[in-house]
1. What number of residues within region 118-160 are polar (S, T, N, Q) and modelled with pLDDT of 95 or more?
2. Kindly establish whether Gln36 is closer than 30 Å to His179 by Cα and modelled with pLDDT under 95.
3. Could you tell me which numbered condition Leu213 fails, if it satisfies all but one of (1) closer than 21 Å to Ser92 by Cα; (2) assigned to a helix (DSSP H, G or I); (3) among the hydrophobic types (A, V, I, L, M, F, W, C)?
4. Looking at (1) of a type outside the set (Gly, Ala, Ser); (2) within 14 Å of the chain's Cα centre (by Cα); (3) farther than 21 Å from Met96 by Cβ, can you tell me which one Gln217 breaks?
5. Can you tell me how many residues within region 45-68 are more than 21 Å from the chain's Cα centre (by Cα) and either more than 24 Å from Gly127 (Cα to Cα) or acidic (Asp, Glu) (or both)?
Amino acid sequence: MRKLEVQIANSGLGGIPMVRCIVLLLVASPLACFAQTPCERLNSLLLPNATITTAEAVPAGPFQAPGTPAPPPVMLPAHCRVAAVLAPSSDSHIEMEVWLPTADAWNSKFQAVGNGGWAGTITFGTGTPQGIARSMASALKEGYATASNDTGHKGTAADASFALEHPEKLVDFADRAVHEMVVKSKAIIGAFYGNGPKLSYWNGCSTGGRQGLTEAQRYPEDFDGIAAGAPANYWTHLMTGIVWAAQATHKDQPGNINATDPNLQAFFAHGGKLIQYHGWNDQQIPPLNSVNYYKSV
């Protein structure tokens with residue numbers, strides 16, 4: 001990189017003193033970086049299927065993550081906060097944030113953090129100590145540019161209602177939200193610092209662990225390193241197991257929607273008669289379901 005200095009002199013007119021300025025011309029070398037973009041101007045960055053809603057410089061101080069009741073605040077260093085909404089499909093609404101350390105504090109690396117359960121929130125981090133740090137707050141304090149997203153819906157970790165009649169939102173939860181976040185995050189990082197991260201890492205547990213394995217399997221170029229703790233990767237079996245455990249726990253309790261008890265002695269004792277039949281019109285209920293219950297009685 002060569003620096004050319006040009007002095008421009010302007011004679012004073014009408015009592016106005018002479019003004020001197022120095023123009024610095026940077027002649028790019030073959031390894032030239034992108035131009036740096038100030039934090040507040042990142043909201044004008046154009047990214048496919050994305051809208052940047054906030055770009056603001058945040059001074060060092062306490063950060064209060066959303067939640068009820070409010071979690072303990074966490075102290076954060078100065079950073080640039082960028083919030084965006086991603087819409088890779090017509091039914092997508094993925095909210096994400098990227099936190100960028102100041103240039104002198106950045107370790108030149110990117111760390112994305114995962115979610116838990118059915119997600120529904122951004123993993124900001126709180127003042128509550130973590131056994132293993134895996135939040136945006138902890139990553140930022142270690143000098144990483146960091147990002148997280150809500151996987152395309154709002155809700156609690158135990159709420160899967162968002163997926164009903166919304167197949168595209170289920171796709172976002174499965175893998176698309178994380179991949180889109182990574183692509184957009186790297187673009188924002190490159191625009192802010194003038195160059196992208198030297199190394200990119202994933203840090204997650206449970207659902208976050210599954211997300212990490214999914215990234216390695218489907219988008220192997222997204223990350224250089226992945227920490228996948230207790231990955232909930234066999235999701236369909238896991239959910240079925242949870243239902244089974246819930247049924248066993250709540251057996252004979254009011255509200256149990258199953259009707260699988262084979263003991264009908266009280267019904268038969270007062271002369272009750274039961275006709276059980278099965279046809280093919282309701283294809284969601286397998287015929288052997290009726291056969292198995294008949295045999296159990």
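The values are calculated or read from the model by the stated rules, or taken from the named source; none is laboratory data. Being a predicted model, the structure only gives us computed values, none of them experimental. Here the Cβ is made from the backbone with ideal geometry for all residues, glycine too, and neighbour counts use every protein chain on show.
1. 8
2. Yes; evaluated as a whole, the condition is true for this residue.
3. Single failed check for Leu213: (1).
4. Unmet condition: (2).
5. Going through region 45-68 one residue at a time, the tally reaches 0.
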